[in-house]
Amino acid sequence: MVVPRFWRERRHRYSLIGTRCPVCGTVYFPPRNVCPKCGRKSLGKMEEFQLSGKGKIYSYTIVHQNVLGYKYQKPYIMAIIETPEGPKITAQIVDIEPEEVHIGMPVRAVFRRITEDGKAGIIQYGYKFVPDWEELEK
Amino acid sequence: MVGIVTYGSYIPIYRIKSAEIARMWGDKPEHPEKGLNILEKSVPAYDEDAATIAVEALRNALRRKNIPGEKIGAIFVGSESHPYAVKPTASLIAEVIGAYRAHAADLEFACKAGTAAMQNVYAMVKAGMIEYGVAIGTDTSQGQPGDALDFSASAGGTAFIIGKDEVIAEINDTVSYVTDTPDFWRREGQRYPSHGGRFTGEPAYFKHIISAAKILMEKVGTKPEDYDYAVFHQPNGKFPYRVGKRLGFTKEQIKQGLLTPYIGNTYSGATPTGLSAILDVAKPGDRILAVSFGSGAGSDAFDITVTDEIENFNRDAAPKVWDMINRKKYIDYATYLKFRRMIVEVD
């Protein structure tokens with residue numbers, strides 16, 4: 001990813017900041033400039049909305065054929081996370097083995113390195129998810 | 001009253017046992033346990049670094065008490081493993097919490113950069129320049145494979161927000177002691193630090209900690225028995241007890257904040273995380289002495305009193321230090337090399 005594109009997306013990647021339609025209340029992540037349900041009524045009115053970072057695993061897969069830069073993490077878990085605010089987020093699940101993950105598992109967002117542009121390029125940070133240990137131990 | 005308004009720590013989940021490192025290098029498994037009093041150490045995951053640890057520690061602090069980004073006037077991040085040689089970690093922290101008007105800078109002073117950050121923020125709050133400031137000590141410290149540091153260099157960090165209102169732990173005073181003592185160093189471009197072996201002890205660790213602690217106790221008029229807790233820099237599990245004994249502190253005063261036997265030396269994170277473990281259990285009126293040590297060499301000493309406000313403070317909103325220490329996953333030496341990016345490949 002080129003530097004300006006990453007820079008433009010840093011707020012939602014760092015802090016899970018999406019948008020909310022003031023007309024119908026739907027929350028979007030990644031952020032949208034227009035609500036697809038309300039169309040022009042929402043134009044220019046979308047509000048920033050911070051997700052809580054909590055969620056549950058809706059579905060997942062184990063990746064054995066890694067994408068570039070993920071060789072040292074394979075096999076790794078990619079999941080769709082259902083958030084209480086509404087949006088479903090695709091993200092990596094870390095700090096857990098593939099055999100331990102399950103649908104419905106409570107997870108929470110953490111701040112991690114996502115990728116880096118070679119040894120001299122920028123490091124891209126963003127969200128991944130880990131098991132929500134406090135919820136699991138309840 | 002100027003002091004700690006909220007605090008939070010982060011320790012990665014992965015651990016490697018000293019016995020596993022000893023097995024790799026042909027040492028007796030009991031050698032690091034007996035010689036250094038280090039049973040195991042924390043290891044950052046492949047996608048963790050000093051910046052991610054700093055963010056997680058600060059988020060834990062904000063879970064306990066949310067201070068809006070626009071009220072944060074300063075961010076100082078102490079580390080000797082900043083992810084970039086040129087590009088601040090502090091600006092990343094500012095972006096994460098939306099503190100766009102903060103005075104922000106990275107600090108480096110071996111293992112005492114975290115407490116140096118605390119002193120800077122404390123001074124700015126006391127001077128009335130800022131309302132709140134963030135001080136972080138964070139590291140994913142480097143140790144040459146096979147060296148004594150391989151057993152100790154670990155990962156972790158702690159964030160403090162210092163302010164004047166609703167202070168849970170008042171910083172009564174702070175002093176420093178510094179000399180040009182080259183006990184441990186890393187030259188520009190070198191991957192691993194070098195050290196002076198036994199020279200890191202008497203003229204470095206012990207001289208600076210004892211000097212700073214004595215200067216502080218003389219200044220504020222306290223004696224070791226006036227303190228409920230003491231935390232000293234902890235490069236291994238033995239030095240803190242030894243320096244404490246020489247100053248007149250008991251093992252009981254030191255135990256709660258001595259983490260190195262279970263997570264290794266978190267460098268800039270070490271004294272702040274020991275202090276964090278004490279704040280996890282402290283009661284109103286408890287008095288704490290905290291003394292860091294950074295090679296090269298200097299010590300920062302703090303005299304701290306826990307206030308009644310801690311009773312209203314939501315400590316349970318974020319994981320406590322000893323809970324994070326006890327939540328762990330063991331890895332072998334090969335995985336450790338992979339996580340620490342020590343495997344050399346063709347570019």
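The values are calculated or read from the model by the stated rules, or taken from the named source; none is laboratory data. Everything quoted here is computed from the prediction, not taken from an experiment. In this analysis, Cβ positions are derived from the backbone assuming ideal geometry, glycine residues included, and neighbour counts consider all displayed protein chains.
Just to be sure, is residue B:117 free of Cβ contacts under 8 Å to residues at least 24 places away in the same chain, more than 14 Å from chain A (Cβ to nearest Cβ), assigned to a helix (DSSP H, G or I) and within 29 Å of residue B:205 (Cα to Cα)?
No, not satisfied.
Applying the selection to the stretch B:83-132, what residues are in contact with a Ser or Thr (Cβ under 7 Å, 6 or more places away or on another chain), closer than 20 Å to residue B:186 by Cβ and among the small types (Gly, Ala, Ser)?
Hits for the stretch B:83-132 are B:110, B:113, B:114.
Scan the stretch A:106-138 for residues that are within 19 Å of residue A:57 (Cβ to Cβ), exposed (fewer than 13 other Cβ atoms within 10 Å of the Cβ) and either under 15 Å from the mean Cα position of the chain (by Cα) or hydrophobic (A, V, I, L, M, F, W, C) (or both) and jot them down.
A:136
I'm trying to understand the selection: among the residues of the stretch A:58-78, which are in contact with a Phe, Trp or Tyr (Cβ under 8 Å, 6 or more places away or on another chain) and either of a type in the set (Asp, Glu) or assigned to a strand (DSSP E or B) (or both)?
If the condition is that a residue be in contact with a Phe, Trp or Tyr (Cβ under 8 Å, 6 or more places away or on another chain) and either of a type in the set (Asp, Glu) or assigned to a strand (DSSP E or B) (or both), then A:62, A:63, A:76, A:77, A:78 are the ones that fit.
Quick check on this structure: which one of A:116, A:135, A:85 is out of contact with any Asp or Glu (no Cβ under 6 Å at 6 or more places or on another chain) and at pLDDT 95 or above?
A:85
Could you tell me which numbered condition residue A:51 fails, if it satisfies all but one of (1) over 30 Å from residue A:23 (Cβ atoms); (2) among the hydrophobic types (A, V, I, L, M, F, W, C); (3) within 14 Å of another protein chain (Cβ to nearest Cβ)?
Here residue A:51 meets the rest and fails (1).
Of the numbered conditions (1) touching a residue at least 12 places away in the same chain (Cβ under 8 Å); (2) more than 12 Å from chain B (Cβ to nearest Cβ); (3) loosely packed, with under 14 Cβ neighbours inside 10 Å, residue A:38 fails exactly one; give the number of that condition.
The failed condition is (3).
For the stretch B:174-192, which positions are surrounded by fewer than 15 Cβ atoms within 10 Å (Cβ to Cβ) and of a type in the set (Asp, Glu)?
Result: B:180, B:188.
Among the residues of the stretch A:1-23 satisfying the criterion of being surrounded by 12 or more Cβ atoms within 10 Å (Cβ to Cβ) and over 13 Å from residue A:126 (Cα atoms), which is farthest from the other protein chains (Cβ to nearest Cβ)?
Here the residue is A:23.
Please find, among B:83, B:68, B:29, the residue that is within 14 Å of chain A (Cβ to nearest Cβ), farther than 27 Å from residue B:294 by Cα and free of Cβ contacts under 8 Å to residues at least 60 places away in the same chain.
Answer to the selection: B:68.
Taking the stretch A:117-131 on its own, how many of its residues are touching a strand residue (DSSP E or B) at 6+ places or on another chain (Cβ under 8 Å) and more than 9 Å from chain B (Cβ to nearest Cβ)?
6
For the stretch B:193-230, what are the residues that are among the aliphatic types (A, V, I, L, M) and either crowded, with 19+ Cβ neighbours inside 10 Å or not in a helix (DSSP H, G or I) (or both)?
Correct list: B:204, B:209, B:212, B:213, B:216, B:217, B:230.
Starting from the stretch B:90-101, keep only residues that are under 12 Å from residue B:55 (Cβ atoms), then list their pairs with residues that are surrounded by fewer than 18 Cβ atoms within 10 Å (Cβ to Cβ) and of a type outside the set (Gly, Ala, Ser) whose Cβ atoms are within a distance under 7 Å, requiring at least 6 positions of separation or different chains.
B:94/B:100; B:95/A:10
Do we have residue A:103 as away from every other protein chain (no Cβ under 12 Å), in contact (Cβ under 8 Å) with a residue 24 or more places away in the chain and under 11 Å from the mean Cα position of the chain (by Cα) here?
no
Mind checking which helices (runs of 4 or more DSSP H) fall wholly inside the stretch B:1-101 and carry at least 1 residues that are among the hydrophobic types (A, V, I, L, M, F, W, C) and modelled with pLDDT of 95 or more?
In the stretch B:1-101, B:18-25, B:50-64, B:89-97 are the helices (runs of 4 or more DSSP H) which contain 1 or more residues that are among the hydrophobic types (A, V, I, L, M, F, W, C) and modelled with pLDDT of 95 or more.
Out of (1) more than 14 Å from chain B (Cβ to nearest Cβ); (2) touching a Pro at 6+ places or on another chain (Cβ under 9 Å); (3) touching a residue at least 40 places away in the same chain (Cβ under 8 Å), the odd one out for residue A:62 is which?
Evaluating residue A:62 over (1) more than 14 Å from chain B (Cβ to nearest Cβ); (2) touching a Pro at 6+ places or on another chain (Cβ under 9 Å); (3) touching a residue at least 40 places away in the same chain (Cβ under 8 Å) leaves (3) as the failure.
Restricting to the stretch B:289-338, and then to whatever is within 13 Å of another protein chain (Cβ to nearest Cβ) and small (Gly, Ala, Ser), can you tell me which residue is surrounded by the fewest Cβ atoms within 10 Å (Cβ to Cβ)?
Applying the filter and picking the extreme gives B:334.
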